[in-house]
Structure formats: C-alpha cells, structure tokens
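Shown next, in structure tokens, is the structure this report addresses.
Each value in this text was obtained by applying a stated rule to the coordinates, not by laboratory testing. Just so you know, these numbers come straight off a predicted model, no measurement behind them. Here the Cβ positions follow ideal geometry from the backbone for every residue, glycine too, while neighbour counts run over all protein chains shown.
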Amino acid sequence: MTPMDFLLLTKGPLFSLAIAIFALGILIRLFEIFALGRAHNYAAARGNEVIPGLKTMYRRFNPDPGTFKRSTFDVVVGTLWHVGFVIALLMFIPHIELIKSTLGVSWPGLPNPVVDAVTAITLLGLVAVLIHRLTHPVKRFLSTPQDYLIWAVTFLPVLTGYLAYHRLINPYPLALGLHIFTVEIFLIVLPFTKLTHIFTAFVARYYNGAIFGRKGIQS
Amino acid sequence: MTQGAHSFSVERGLNAWREEIDAPVAAFFSSCVHCGLCAQACPFFVETGDPKYTPIHKLEPMRLLWEQEFTLWGKLKKTVKDRVDAQLGRAPKPLITDEMLEEWEPLLYDSCSMCGRCSMVCPVGNDIHYMIRKAREGMVASGHSPEGLVAASVRAVNTGSPMGLQWKTLDVQIKHVETATGLEVPIDKQGAEYLVLLSSMEIINFPEYLEAITKIFDHAGVSWTLSKTCFEATNAGIQIGSKDIAATLVQRVVDAAEQLQVKNVISPECGHAYTAIRWEGPNAIKRAYPFKVYHIIEVLDQLRADGRIKTEGKEMDRLSMHDPCNLARKSGVVQQQRSLMDLVASNFVDLKEHGEFQWCCGAGGGVSSNERAEPLKLAAFKRKKAQIEEVEPERMVTMCATCRTQLEEGLEEFNMDIPVVGLTEIIADHLVEKEVENKKAEES
Amino acid sequence: MATSKTLGESLRQHGVSRRGFLKFCAATASMMALPPSMAPAIAQALEKARRPSVIWLSFQECTGCTESLTRSFSPTVENLIFDVISLDYHHTLQAAAGDAAEHAREQAMNTNAGEYLVVVDGSLPGPNANPGYSTIAGISNYDMLMDTIDGAAAVVAVGTCAAFGGLPKADPNPTGAVSVQDLVKDKPVINVSGCPPVPMVITGVLAQFLTFGTLPELDEYGRPRAFFGQSIHDRCYRRPFYDKGKFAESFDDEGAKAGWCLYRLGCKGPMTYNACATMKWNGGASWPVEAGYPCLGCSEPDFWDAGGFYKALSVPTGSPGDVLLTAGAVGAAVGVGAGLMSRNQGKQAAKHHDKVTADQLEEKL
Ligand code: HEM
Ligand code: SF4
Ligand code: SF4
Ligand code: SF4
Ligand code: SF4
C-alpha cells in the first residue's frame, strides 16, 4: 500500500466507517441514559430544576475557589488542553472545511499560526496530564488501563496533526493519512470508553444542577 | 414477595441496585474521567490521604453492575466473556461477590457522611452523594450495613426512637420546661399550625432546645404542638439506606400530622432529620404530603422577617457558624441562619468555605451511629478544626444536634476551648421580655 | 536510422546559442543537485553525447504528455534535446505507419539491444484484463510492453497514467488499467509523473542519462528526487498566506484577487510532489497556482479519486453527512430499544423487591 492508498483509504471508506460507528455508538449511549428516566419526585420543590440544571452545565467549567486552590494543576492544565483541543478541532481552517462539507455549517477560523501555537500548548498540556496521572496518588489509584488508552487516543490526533502541519512526516499523504487514521481511532473508541464524557458530562451536569436546584441550591 | 422470605444476599443487594439505577446514575457513571477532584472535596480523603476514600471509588461495585447490565456495550462484553468461559470450560467469575461488598461496606458507610460536597466539585457534574444514598440500598439488602446502624434502625422501628428513648423521658423534660418557663408545652393540640418534632439526641444532649422554642413560639404567638404518638424526627432508615425502613418511620410522622390536622411540620435542629422528612419522606411513602415541612431555622427566619420576633442585646464575643451539610448544601437553607445571626450577634465571622461549600463536621450520614467509624469520624473532623482555626472564633454556633455533638467532642479531643451553641437557644436568650414589651407599648 | 551526429553538432545546426545551452546545463546541474560549477562539465559531456535510441510507446493516454513536450511557444533547448535523441518509434510523431512502423521498432530493439531507452506514456490493461481494450497493430499493450522492454536499459514512465495508472485507472477502472511499474519488475523504471509532466523534467531525466549514463535518484514512488523531492505547498509562493491563515474563498473574491492561498478552493498542493512551483510552465511564464487555479495533485497516484478538485484537501471523499444521519438515526433507535430494556430491568427488579424489615435486620444483630 502506498502512502496515497493509505490516505485515500482514511479519507474515504475508513472515515465513513468511523463516523458511522461514532454516531451509532454515541446515540445508543445517550438514548440508553435518557430511556432509564427518573422516578417521580413527590417532595415539594423549593426551586426550579431546568434553570439551575442549565446553569450547572456551564458552571462546572469554573470551579469554586476552594477546588481551584486544592487542585490548581488539574484545573489550569485540564482547562488549557481541553480548550486547546477544541480550538484545534473547531477553529482550524482545514477542519472547518471538513465540517462544512459534512454538516453544511461553517464559521470563521483562526489564523494557522494561532492554531499551531495552541496545538503546541495542548500537546504539552496532555503530556503534563499524563505525568500527573502517573504520579498523583489518587489518580494513579483510580486509573485503569482505559484511562491510559483514552489518553493515547486523544493525544495522537493532536500529535499527528502537528506533525502533518509542520510536515515532519514524509511524504505528506502518509502524514495526513496518519492524522486522519488516529482521528478515526478516536471516533471509534469514543462511544465505548469514558470519552463519552464529551457528551454525557453535560447530561450529568444538568441532572446535578436539577437535583440540587430543586432543593434551592445552585450547584 | 412475602416479607422476610429471603435472607440478605448479594443477589438481593444487586436487585436493589437495579431498582435504584436511573438516568442520572447512568449519566454520572458514563462521565467520570477518574480525575480525582472529588477526593479533594471529601473530608475523609483530605484528612487521611488514603486514595481508597476517593468518593467515586466508593461506588465501584454499583458501577460494575451498571456497566454490565445497563449498557448495550456491557451486555455485549458479558456475552463474549461467557462464550470464552464456556469454550475454556471454566465457570464464569461473578461480577460482584460477597467479599467485594464486605470490602466496600466501610467505604460506603464509615468514610462517607453523605455530605454532598463531592457532588458540588466534580467537573463532569457527578452527583456522587446521590449515588451513595442509592448504593446503600443494595448494601442493606445484601446484609452489608454496619451494626450500629442496623441496631439504630431496629430500635427506631420498634421503640420509635433510634436511641430507644420513650415518651416518658420526654414527658419529664416537658414538665421541667413548663416549670422553668411558666409556659405550657402543647401536646396533641388539634389543628395547631405547627407540629414540632424533636430528635432523641437533642432530647438527651440539648434539653435547652425545647425550652428555647417554647419561649420563642410563645413570644411570637405561634400555635404549635407536640405529638405523643410521634415525637422523633430522625430517620434511621435514610441513614442506613433502606427505603422500606424509612417509609415505616416517615409514615408515623405523616400519620401524626394528619391526625392532628396541622398545616406544617417542623424538623428540629437536626440536619439529617430535615432532609429525611423534607426531601426523602414523600418519595419513601410515594405520595406528596398534605402539609409543609420546615426546619426550625426556616420558621424562625420567617418569624423574624414578619417582625414577630423582637430581640434585645447582642452577643459580643467572636462567633462563627457551622452550616450543617443537610441544611445548607443539601436543602438550600443558607441565608436564613445568617439573617438570624445578624439579629443577635455583633461579632459574627463566617468560616472561609461556608454555605453550599461548607465542610462536613464528619459525623453525618450515619457515621456517628457507627462505632466502627469512630477513628474516621475524628479524622474527618480535622478539616472542620482547620477551618475553625483559620477564623479563631470564641464560640461556634450551629443548628444540628449531630453536628453540635461532633463539634463539642472534636474540639475537646484537640483541647480547643471553644464552646458550641445552638442558634435557636441564642435567639431565645435575646427575646424581649413580655412585661418590658407591654410597658413599652403603654408608654407610646 | 542511427546517425553519428553528436548532440553538440545538432544543437549548433539548430542555431541554439552557447549561452542558452549553458543555461540549460546549469539548470540540469541544479536539478541533479550538483554544484553550479559542474555545469561546464555537463555541457562538455552533452556536446559529445551520441544520440541514444529511444522507443516511445503510447498506450491508454491522451497525448497530453507528448503535447507538453513538443508544443512549446518557441523552440527550447528541451525540445531540441528531444529532437536530437534518436526517437526510433513514436506512433504519434513518426511518419511511418502500420507494418513499417512496427518493423522500425523491432529493428531499433535489435540494433541497440541492452542500450535503448523505452519511454511509455499511458497506462495499459493489465495481464488479467481484456487485452482488446487497447491494441496497436493488433498487438495488445501488455504484449508490446513486455516484448519491448526485454532489451531495454531502462524504462521511463512519462505522465501519471504510465507512472500510476492515471485517468484510465480512476474508479471504476473499466479497462483494468495498471501502471508500467506494476508490470516491469526487472528493469529500472523511472516515473516522471504529472498530468502532463513538466517538460523540462522529462528532458532533464533524459539529459542525465545522456550525460552520465546514469539514472537519477528516485523517491518512494520511483520519481526523480531532484524534481519530486519537494511538495508544491513547500515551494508555493502563496505559502506565506497559508501560514498566516489568509484564504481565498471563491475564485473572484478579494482574497483571490490579492493572491491568497487556494487551500479552501481545493488546492492539493500540500500532498503533491512536483516541480511546477519551482520550474513553472511555458518556459517559466507561470504555473497553475500562479494563474489562480488550485493544484489538482496531478503528479500523485490516484489523484482523480482523491476528492473533488474544488474541495479542500481535508474534506473526506465519501458522504459522511449522510452516513452520520443514517447511523445517528439507527443509533437513536437502538439506544431507545436498549434503554427500554434496561428500564424494564429496573421495573422487574422493583417487582422482585424484597422488603427490608426491622425483624430481618434484628436477626443480624
Ligand atoms: C478529533 C479530531 C481532530 C483533532 C483533535 C485534530 C487536530 C489537529 C491538529 C492539532 C492539527 C495541527 C494544527 C497545527 O499544528 O496548526 C491538525 C491538522 C490537520 N487536520 Fe486535524 N484534527 C482532527 C480531525 C481531523 C479530521 C477528521 C481531518 C480530515 C479528514 C483533519 C484534517 C487535518 C488537516 C488536513 C490538517 C492540516 C495539516 C497541515 O496543515 O498540513 N483533522 N489537526
Ligand atoms: S458525600 Fe461527603 S463524605 Fe461522602 S464521599 Fe462525598 S464528600 Fe465524601
Ligand atoms: S471528580 Fe467526578 S470525574 Fe473526577 S474522579 Fe470524581 S466523580 Fe470522577
Ligand atoms: S495555494 Fe496550494 S500549494 Fe499554495 S500555499 Fe496554498 S495550499 Fe499550498
Ligand atoms: S500545479 Fe498541481 S495539478 Fe497543476 S500541473 Fe502542477 S502538480 Fe499538476
């Protein structure tokens, strides 16, 4: 197989396959959650559910000052690389072209050097996060092989994207093919691992906010 | 199923979990990224540094069940595993064993006061204490609940009080209050506005409370009553984590309230009793109440707002306050106690993290009824101690008998000379005397 | 057929100046990654070079490659070189036809056995395909190629069709087309890809063979590194705009007028290795990207199937939008089904609820 064959495979059938597994998987996961429902709550509510639920969906991006102080590294580096990942994914012109062609929507991108700098920070952040996981007693204790798997699966698209952009793998079709291939692994692995949190965390936050909100507390 | 047809078993426990797993639980388990932030929120981890006390880890057995039985992916994995086992001719390993549950019993009971702080902090939004409450259902059903809580539940059902306290003990106290105040303590008064409940712990440790509300209600002209058939507000069923026991106990409150046709039921200075009646009770008996439920602090603050409480003088020493988790974080009562403090304290200072982000005293969620948890209870208290040391108050104020006991015992253990008082009592101490009030009215 | 005229004599006869010739030699030197000081040596060698025998086979092709080589604005050194090689067989260019033409081919093969070059343009139906898709003088392309390369020194596949299969091989490849390198395993094959290739690249390869009797260093696709070592994107004069993130979004917007990068208009420059950006076309006049047109990636294998010409390089070739919708709908349905199954499990559990009583608990004490 030539690098070009590989690129065409990843850009064509593999991409369709990956996106099919992703869409199928993640929707199964989400509907599986919703279908379970919640028992009727007979206790008289003190507050509303919906508004606090929605607020919590956002508020968990900004931790309370105590948590910030006690887990500064997690908060700062975690936010940094998540934001970086999303910027690289959604604000890079080639990606926007891809989204436009797939979903029909598009938005202005960021200049490539900006995305590139963000990518470099994201890569460093991800490496730091891995080291932290390997050394922090609680994280080490909690971590399962899956945690390391999803780290790798997340790290690789960013790394290969960076290598492709800087043309550090030759020939280029191989570089781009590897990038897209790692993205496909990411997409396929996502619904079957805790990467689902990308979607379910918002559901979880909503429920958290709603449960507390009903009792009159903004969580 | 016939009652008692089954003894406690893993299968019975798993069945209870199957009943408990709902959409939020599924969303929470799907979302945890093992970031460990919840550990930093939990006094039991923070003060012991032992990673096994990480809140989400306390739920691992229930998570296993959810994954295997409530996700298509998990079912698939199980099918494959079973096939492989069958191929190799070996017996499939059970997912959750008795030994496992035994190992988790101290994690779910001894090291969790159900304070809910972890639920406020988890970045993906997991309401961990919501799940711990549910997990305890399965622990009871599988026969893995601590002896202290089992005993308290049995006593509560059989005697009406988790401490085995009888009405006659309370009656002696009532008589005492009546002579001390010269006021009547109303008992079984039909159609009263408020049915007042008490907690055994309060009756035994803090008899001042009953005297305080007798004075305040007289002062404010509130119509209230005690019930001879049901005076106990706490619910051991909620602490041990059994809806069935909880329903039995809460039904007694509902019956008493309905029989006396009261409009409201007041939970005493006990955070746990309040959440039990206010939030869990209706769901345990599966119907809404025909009355409202208030914590005494809510009632007092409403009286204050309505101008029905007149006070004079203020406490001059430096006071700080411990928010009971059950009252503040878990029930949304945060401002009320502060408004009341303003009424009677001139030198009040809040702990740095308070209100919905307060730290638990370490004794809630049944920890204080579980002798085995004694060392952990004291360890968890160190967080509160550190908070208190930060602001250096001369006295602490709180509004939960369990918290108060824990604070008193803890502070004593560490040789800190900081008395702890109930907020209701302080209010009672500053009421304008009736005669004085009358005189003022005459003068004007 | 073979004459004894040297290249030098022939050039002088055509009135090519010494200066022009040296310029060509300098360019050749740089293509071969030799220092400029080597130019005179190249000139000397070229002057003395004898016309080698070349057999040019045209199979499933469009004649574009020959056009590229011969249709220059003015006679250039490149096409003169082409003139002076002994093109013994080229059925587009030669006068002879039919049996006479085939006879010329056989004669050239016999006389120059082991020394002649075979140049191929066009792909050919593979050994397993119906040979009738393309025949010359009743001989299948496959047979003719295999027969001709037997005594060849090397094979030069000119154009993307010969090098990689090109248009005939594009999906669904009705003729079962294959490339030269798919068939020729025991002779050196030099791929000069492009649709068509840059003319000087063709002659450059020939010049090296003439000068040093050697074959150029090749990349992983068998292309001379000297010409295909760098991507269009890496040498594109619009690259600074790419790096700044300034893109034309339509062919007539302000960006297009300002000469911004054509990535979003489908430029395949980043994946394309060719010499257009450095050598340009039409005697260095311009090249496609300079003319405001995105690179199609014509020197790369399968470029016809590598996504729409006007779709950005990052756009997948399938229809992921439809896939997403279909899979999403199926996922939602399966998810609801699976969820209801789980929910039922909860309900069943509730049915089997075994009430916990104080008596049961008491037994534990
Ligand atoms: C999880 C999803 C993805 C992530 C996180 C990701 C990340 C990145 C990053 C970090 C870069 C490098 C940017 C820079 O350094 O400036 C990049 C480049 C690129 N990505 Fe992705 N990517 C993703 C999905 C995709 C997909 C699905 C495609 C196409 C099918 C794609 C096509 C490209 C292309 C064409 C480049 C440009 C490389 C270059 O400039 O040479 N990416 N990506
Ligand atoms: S509810 Fe409180 S005690 Fe229990 S795990 Fe969470 S933080 Fe720890
Ligand atoms: S804080 Fe939340 S996401 Fe992090 S380990 Fe705890 S439960 Fe999991
Ligand atoms: S026009 Fe094409 S080759 Fe030139 S910089 Fe843009 S993408 Fe690269
Ligand atoms: S610019 Fe690209 S498509 Fe155009 S001739 Fe050059 S390589 Fe081929």
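General observations
- Based on the reciprocal of the average 1/r between different C-alpha atoms, the Kirkwood radius for chain A equals 19.6 Å.
- Pairwise Cα inverse-distance average, inverted: Kirkwood Rh of region A:116-219 (Å): 15.9 Å
- Sorted by Cβ neighbour density within 10 Å, fewest at the top, the residues C:Met200, C:Met38: C:Met38, C:Met200
- In region B:7-145, the C-alpha radius of gyration followed by the widest Cα-Cα span (Dmax) gives 15.6, 49 angstrom.
- Anchor A:Lys11: aspartates and glutamates whose Cα lies under 16 Å away (excluding residues fewer than 8 positions away in-chain): A:Glu97, A:Glu184, C:Asp171, C:Glu300, C:Asp302, C:Asp305, C:Asp322
- J(HN,Hα) series, region B:342-355, from Karplus relation 6.51 cos²θ - 1.76 cosθ + 1.60, nearest Hz, glycine and proline x: 4, 5, 10, 10, 9, 10, 9, 9, 6, 5, 4, 9, 9, x
- Going by neighbour counts of Cβ atoms within 10 Å, the residues A:Phe22, A:Phe141 line up, fewest first, as A:Phe141, A:Phe22.
- Modelled spin labels at A:Leu130 and B:Arg318, positioned 7 Å past Cα toward Cβ, are 5.0 nm from each other.
- Translational diffusion of region C:292-365, µm² s⁻¹ [Kirkwood Rh, Cα pairs; Stokes-Einstein; 25 °C; 0.890 mPa s]: 133 µm²/s
- Diffusion coefficient, µm² s⁻¹, Stokes-Einstein with Kirkwood Rh over alpha-carbon pairs of region B:319-429 at 20 °C and 1.002 mPa s: 153 µm²/s
- Over region C:232-305, volume per residue of the alpha carbon convex hull, in Å³: 88 Å³
- Pairs spanning more than 25 Å between alpha-carbon atoms, out of A:Lys215/B:Lys243; A:Lys215/C:Lys364; B:Lys215/B:Lys286: A:Lys215/C:Lys364; B:Lys215/B:Lys286.
- Computed Kirkwood radius, in angstrom, where 1/r is averaged over Cα pairs of chain C: 23.8 Å
- Between region B:284-324 and region A:128-194, the Cα center-to-center distance that results, in Å: 54 Å
- Rounded to 5, the percent of DSSP beta bridges in the protein assembly as shown classed as antiparallel: 20 percent
- Helix B:72-88 and the longest principal axis of the Cα set of chain B meet at an angle near 40°.
- Debye log10 I(q)/I(0) for region A:160-219, one point scatterer per Cα, at q = 0.17, 0.22, 0.24 Å⁻¹: -0.67, -0.82, -0.88
- Our coupling estimate for region C:246-251, obtained by passing each phi through the Karplus curve with A = 6.51, B = -1.76, C = 1.60 and θ = phi - 60°, is 9, 10, 6, 10, 8, 6 Hz, Gly and Pro reported as x.
- Values of log10 I(q)/I(0), in the order q = 0.12, 0.15, 0.22, 0.25 Å⁻¹, for region B:295-382 under a Debye, Cα-only, solvent-free model: -0.46, -0.68, -1.08, -1.20
- Helix B:374-391 and the longest principal axis of the C-alpha atoms of chain B enclose an angle of approximately 50°.
- Residues considered: C:Pro288, C:Pro196, C:Pro320. Largest GNM mean-square fluctuation over chain C, using C-alpha springs under 10 Å, is found at C:Pro320.
- Under 5 Å between amide hydrogens, built in the peptide plane, is the criterion, and for C:Val156 it picks out C:Val118, C:Val119, C:Val120, C:Ile190 among residues at least 5 positions away or on other chains.
- Packing-based exposure ordering (other Cβ within 10 Å, fewest first) of A:Tyr58, C:Tyr310, A:Tyr206: A:Tyr58, C:Tyr310, A:Tyr206
- Listed residues C:Lys246, C:Lys185, C:Lys48, most fluctuating in chain C (Gaussian network, C-alpha, under 10 Å): C:Lys185
- Taking only the C-alpha atoms of chain B, the Rg (one decimal) and the largest Cα-Cα distance, Dmax (whole number), read 23.5, 97 Å.
- Loop-located chymotrypsin sites (Phe, Trp or Tyr not before Pro) in region C:84-193 (DSSP state other than H, G, I, E, B) with a sparse environment of at most 12 neighbouring Cβ atoms within 10 Å are absent.
- Free-standing Cys, chain C [no other Cys Cβ under 4.7 Å]: C:Cys25, C:Cys62, C:Cys65, C:Cys161, C:Cys236, C:Cys261, C:Cys267, C:Cys276, C:Cys295
- Among the trypsin sites (Lys or Arg not before Pro) within region B:239-292, those in coil by DSSP and having at most 16 neighbouring Cβ atoms inside 10 Å are B:Lys263, B:Lys286, B:Arg287.
- Among complete DSSP H helices in chain C, those whose alpha-carbon atoms stretch at least 15 Å along the helix's long axis and whose mean Kyte-Doolittle hydropathy reaches 1.0 are C:199-212.
- When the convex hull of its Cα atoms is viewed from all sides, the protein assembly as shown shows a mean projected area of 55.4 nm².
- Amide H partners (placed H, <5 Å) of C:Ala49, local residues excluded: C:Leu7, C:Gly8
- Scattering curve values for region C:51-228, log₁₀ I(q)/I(0), Debye with Cα scatterers, q = 0.12 Å⁻¹: -0.50
- With eigenvalues of the C-alpha gyration tensor scaled by 5 and rooted, region B:157-305, Å: 23, 17, 14
- Once the Cβ-Cβ distance of C:Leu365 and B:Glu103 is raised to the sixth power relative to R0 = 25 Å, the FRET efficiency obtained is 0.70.
- The angle between the Cα long axis of helix B:60-70 and the main principal axis of chain B comes to about 60°, on a 0 to 90 degree scale.
- Rg and Dmax [Cα atoms of region B:86-167; Å; Rg one decimal, Dmax integer]: 17.6, 65
- Springs between Cα atoms under 10 Å define the GNM used for chain C, and in it the highest mean-square fluctuation of C:Ile190, C:Ile139, C:Ile55 occurs at C:Ile139.
- Candidate lysines for bridging to C:Lys280, where Cα separation is under 25 Å - those fewer than 8 sequence places away on the same chain excluded: C:Lys23, C:Lys244, C:Lys246, C:Lys257, C:Lys268, C:Lys311
- Region C:158-244: proportion of alpha-carbon pairs further apart than 19 angstrom, %: 48 percent
- Note on region B:1-133: lysine pairs with Cα distance below 26 Å, sequence gap of 8 or more or different chains, count 10.
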